[in-house]
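Participant: Next up is a structure, given as structure tokens.
What follows is calculated from the coordinates using simple rules that are stated; it is not laboratory data. For clarity, every value in this text was computed on a predicted model and none was experimentally measured. All Cβ positions, even for glycine, are placed from backbone atoms using ideal geometry, and neighbour counts span all protein chains on display.
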Amino acid sequence: MYWKYFKYVIKHKWFVFIECYKLRQIWRGITHDLSKFLPDEFIPYARYFYGNWPSHKEVSQITHDNNYTKEGIQKAFDTAWLKHQHRNPHHWQYWLLQEDDGDLKRLPMPMKYIEEMVADWKGAGRAITGINDSQECKNWYNKNKDKIRLNSCTEFYVKVILDNF
């Protein structure tokens, strides 16, 4: 499971590097997602994506250890995903500010992170499907844009990059 995940991360990083190179963001491509190799991200991600775990109900008779159940793995993954977003400014979630009064501010992203984010979307698609298609990346964005909380300036530049990819 860990080896499979390692191979996926390397493939993903390579495809993102290629897309970052096209956008002249070579350093962003090199350093992209390095935090995925940290144990507090790597292990939960590998277990979540490549493990086969019983549910809590299936193991409750045997043990009270929830760390190796679907529910425990999901909880660990959620924490790892949150850490990953907070460590990597190419994720749009990094740029959301939850205010004490409940409002959510969408902060503008610097261009280098916008470009890396779009390269990440395209690289992830290629790593998962094996297809290198800019139109598919654009289609994915259009399908998901209502869930992606971007500052209006950031959203404008995302569209410009996608239109010129």
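Participant: Output wanted: per-residue J couplings in Hz (rounded whole) for the range 68-77, from phi through Karplus 6.51 cos²θ - 1.76 cosθ + 1.60, θ = phi - 60°, x for Gly and Pro.
Facilitator: 10, 10, 3, 5, x, 5, 4, 5, 5, 5
Participant: Are any of the pairs LYS4/LYS145; LYS70/LYS159; LYS36/LYS112; LYS22/LYS105; LYS13/LYS145; LYS122/LYS145 more than 26 Å apart by Cα-Cα distance, and if so, which?
Facilitator: Values: LYS4/LYS145 30 Å; LYS70/LYS159 37 Å; LYS36/LYS112 20 Å; LYS22/LYS105 31 Å; LYS13/LYS145 23 Å; LYS122/LYS145 15 Å.
Correct reply: LYS4/LYS145; LYS70/LYS159; LYS22/LYS105.
Participant: Label GLU99 and ILE30 with points 7 Å out from Cα along Cα→Cβ: what is the distance between them in nm?
Facilitator: Those two pseudo-labels are separated by 4.0 nm.
Participant: While we're on this one: Suppose we keep just the alpha-carbon trace of the chain; what are its Rg and Dmax in angstrom?
Facilitator: Using the Cα atoms of the chain, the pair Rg, Dmax is 17.7, 57 Å.
Participant: By how many degrees, between 0 and 90 and to the nearest 10, does the Cα long axis of helix 2-22 differ from the longest principal axis of the chain?
Facilitator: Relative to the chain, helix 2-22 is tipped by roughly 10 degrees.
Participant: Taking the chain as the reference, fit the longest principal axis to its C-alpha atoms, fit the long axis of helix 111-129 to the helix C-alpha atoms, and give the angle between the two in degrees, 0 to 90, nearest 10.
Facilitator: So the inclination is approximately 50 degrees.
Participant: While we're looking at this one, here's another question. Say R0 is 45 Å: what FRET efficiency, to the nearest 0.05, do TYR68 and ASN151 get from their beta-carbon distance? Could you put the intermediate results ahead of the total?
Facilitator: Details: r = 40 Å, r/R0 = 0.90.
So, using R0 = 45 Å, E works out to roughly 0.65.
Participant: Hey, rough spin-label estimate for SER134 and TYR2, points 7 angstrom out along Cα→Cβ, what's it come to in nanometres?
Facilitator: 4.0 nm
Participant: Does anyone have the angle between helix 152-164 and the longest principal axis of the chain? Alpha-carbon axes, 0 to 90°, nearest 10?
Facilitator: 80 degrees
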